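Chemist: Starting off with a structure, shown below.
The values are calculated or read from the model by the stated rules, or taken from the named source; none is laboratory data. Remember, it's a predicted structure, so these values are computed and weren't measured experimentally. Ideal geometry is used to build each Cβ from the backbone, glycine not excepted, and the neighbour counts take in all protein chains shown. Calculation scope for accessible area: heavy atoms of the full protein, side chains included, ligands and nucleic acids excluded. Shrake-Rupley method; radii C 1.70, N 1.55, O 1.52, S 1.80 Å.
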Amino acid sequence: MDNKRRGLFILLAVVLIIAGTVGGYLTGNFFGNTKSITQETTAVTADGTKKSVPLSDNRNTAIVSAVKKAGPAVVGITTKVYDRNIFDQQVLVGEGVGSGVIIDKAGYIVTNYHVVAQANNRKVTVSLSDGSSQTGTIVGVDPLTDLAVVKIDPTENMPVATLGDSDQLHVGEPAIAIGNPLGLEFQGTVTAGVISALHRTINMESQRFPLIQTDAAINPGNSGGALVNADGDVIGINSAKISQTGIEGMGFSIPINEVKPIVKELIEKGKVVRAYLGLGLLDKQNAAKYGLQLKTDGLLVARIYSDGPAANSDISEGDIITAVGEKSITNLMQLKQILDNHKPGESLNLTVLSNGAEHTVSITLGTLPDSTN
């Protein structure tokens, strides 16, 4: 070999060594150490056989891990709606599909009330992630919070979701929605985004607590499904979506910390027993809808129910409630949250503004009638 060819060979060898070293550095440090394996996938070899191979760190993201943890506990819920024809025969007139989350080894599933509201004889069909299905029984509903509990027979390896802490959420952290948009043919669909906002209000008049807002896609059928954080913990139950022309990426979820006590009571009693003042009240926002301008912060007493706890109290229509106990009140949601933390039979002290003068009225709380619950 002449000197010229020998020099080219040595140069090529040096380049290959440097390239190999730099390439290994880039792969190991910039794109993650691929030796850390927690998931596997299937690959096809040159001879056509299939084998399991580990996922690289680039593909084995927090979302993959979160879905693997929470996904099996998300189920489909099908409700059959029957009516009677002109011959008084029962006929199937419709079918609705939503989602639910298994929260207990005993087979309890949390979902939305509107998913099961039209169920026949309190029965629904529950489609599990392993492809099997069972008949589920509705054990309790709460229309005011759009929550319900369904029970199925427990199985030996029933997956159960881990419930997180929605009070610890931060705007901007990952949010993953798991459910069945548009029907069971899309069962277990995963969409990902972020927590867009916390403590959101859609309708102050009917809403009982603030909602989680996310830009993870939530479509019809997702209702009752799980909103999950990057740890795979359920942080909310998907309940509503703004679906107006030109508006995208605004989904809403009931915080799981609000869900827990309601579900507990639904399992124990079949309904939620709520405290009741017996007053029809308007805050500034709702009063404005009726052409009333409140100049003072508080709740306007628009009606006193004759059979309610406040009927014989020193409160009159036109008065304004400015505080409950030591807490000032400016909107209806604040009052609802206070009432939800008290039980019938307990007493509340209301600060009432009447004809420009404030006085305190003590009310013994009643029970919210089922007809309004």
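Chemist: Return yes or no: is ILE195 over 30 Å from ASN121 (Cα atoms), of a type outside the set (Lys, Arg) and in contact with a His (Cβ under 8 Å, 6 or more places away or on another chain)?
Modeler: yes
Chemist: Let me ask something else about it. Given the structure, is ALA197 more than 17 Å from GLY96 (Cα to Cα), out of contact with any Pro (no Cβ under 8 Å at 6 or more places or on another chain) and buried (at least 18 other Cβ atoms within 10 Å of the Cβ)?
Modeler: No, not satisfied.
Chemist: I need the full set of residues from segment 240-259 which are modelled with pLDDT under 85 and touching a strand residue (DSSP E or B) at 6+ places or on another chain (Cβ under 9 Å), in order please.
Modeler: Across segment 240-259, the qualifying residues are ALA240, LYS241, ILE242, GLY249.
Chemist: Now, a different point. For segment 200-213, indicate whether the set of residues that are touching a residue at least 24 places away in the same chain (Cβ under 8 Å), open to solvent by 60 Å² or more (accessible area, probe 1.4 Å) and among the basic types (Lys, Arg) is non-empty.
Modeler: Yes; the residues of segment 200-213 include at least one that is touching a residue at least 24 places away in the same chain (Cβ under 8 Å), open to solvent by 60 Å² or more (accessible area, probe 1.4 Å) and among the basic types (Lys, Arg).
Chemist: Can you tell me how many residues in segment 155-211 are assigned to a helix (DSSP H, G or I) and either among the charged types (D, E, K, R) or touching a strand residue (DSSP E or B) at 6+ places or on another chain (Cβ under 8 Å) (or both)?
Modeler: 4
Chemist: Six or more apart or on different chains, Cβ under 6 Å: which pairs go from a residue in segment 136-148 that's in contact (Cβ under 8 Å) with a residue 40 or more places away in the chain and farther than 21 Å from LYS336 by Cα to one that's open to solvent by less than 10 Å² (accessible area, probe 1.4 Å) and assigned to a loop (DSSP other than H, G, I, E, B)? Could you list them?
Modeler: GLY136/ILE152
Chemist: So which residues in segment 216-230 are assigned to a loop (DSSP other than H, G, I, E, B), surrounded by 18 or more Cβ atoms within 10 Å (Cβ to Cβ) and at pLDDT 90 or above, if there are any at all?
Modeler: The answer is ALA216, GLY224, GLY225, ASN229.
Chemist: Would you check which residues across segment 201-215 are polar (S, T, N, Q) and at pLDDT 90 or above and list them?
Modeler: Those that are polar (S, T, N, Q) and at pLDDT 90 or above: GLN213, THR214.
Chemist: Scan segment 123-151 for residues that are crowded, with 17+ Cβ neighbours inside 10 Å and under 13 Å from ALA73 (Cα atoms) and jot them down.
Modeler: Correct list: VAL126, SER127, LEU128.
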